Amino acid sequence: MFILDGHFCVLDKNENPLELPIDTYKVLKPKAILVLYDDPEIILSNLVKRDKHKFELSTLQNLQTKELEHALSVSRYLNIPYENFKSSEKEIEEICNFINSLK
């Protein structure tokens, strides 16, 4: 088993969310989908520190909403388990328990 750290949406050149095609996930054949999310303000702060790029808060809010929606729709399409966890509120143990339940 491996864990793929990725996204379900990316930003286009105008910073609008663009869903990754469902065929991407059909090829990868994931056993489950786990989405980690957080307050857009926290994400914005982390991105500024890491990339020195400042997005509009509304851009990150919209991207996160679309990403959560698309991840859920992919899990339904593939008929696989789906969970999402707010990173700043969940203990790593809860996330590990979900992953371990897939074995």
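The values are calculated or read from the model by the stated rules, or taken from the named source; none is laboratory data. Quantities reported herein were computed from a predicted structural model and do not represent experimental measurements. All Cβ positions, even for glycine, are placed from backbone atoms using ideal geometry, and neighbour counts span all protein chains on display.
Observations on the model:
- Matching entry among Leu78, Leu36, Leu72, Leu20 (being under 21 Å from Phe2 (Cα atoms), of a type in the set (A, V, I, L, M, F, W, C) and more than 16 Å from the chain's Cα centre (by Cα)): Leu78
- Boolean, Phe55 is touching a helix residue (DSSP H, G or I) at 6+ places or on another chain (Cβ under 7 Å) and at pLDDT below 90: yes
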